[in-house]
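**Q** I am attaching a structure below and will ask some questions about it afterwards.
The values are calculated or read from the model by the stated rules, or taken from the named source; none is laboratory data. This one's a predicted model, so the numbers in the text were calculated from it and none came from an experiment. Positions of Cβ are backbone-derived with ideal geometry, glycine not excepted, and every protein chain shown enters the neighbour counts.
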Amino acid sequence: MKPVPRAAISAVNDRLTEVGADAPTGKAEGGQVSFLRARMANEVIKAQTAKVRLQKMKGDLVDRNRAVAAVFDLARRERDSWLKLPPRVAAHMAA
């Protein structure tokens, strides 16, 4: 049997800790995660994925790339408008 990487074990424990599952009281032999805990983590991940998909279908979530592009465009337009202020208005504002 192939040993389970430590990163996978810590990922399972972290995921279960996030959702409030009890931390393991004793370590399994070789620092392995029990099948039950790994299955529980898998079910938690599937439930969270289904929740995100549902929120996306309902329109509660926005596409990250579109949101970043919109904010970048807004900031660029605001910066450009500040740079285009006439010199007399900028001097008056500075005083």
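**Q** Would you list the helices (runs of 4 or more DSSP H) that sit entirely within the stretch 22-95 and hold 2 or more residues that are at pLDDT below 80 and under 28 Å from the mean Cα position of the chain (by Cα)?
**A** Per the criteria, 35-58.
**Q** Shifting gears a bit: Can you list residue pairs whose Cβ atoms sit under 6 Å apart, with the first residue in the stretch 55-71 being in contact (Cβ under 8 Å) with a residue 24 or more places away in the chain and the second being in a loop (DSSP other than H, G, I, E, B) and of a type outside the set (D, E)? Count only pairs 6 or more apart in sequence or on different chains.
**A** none
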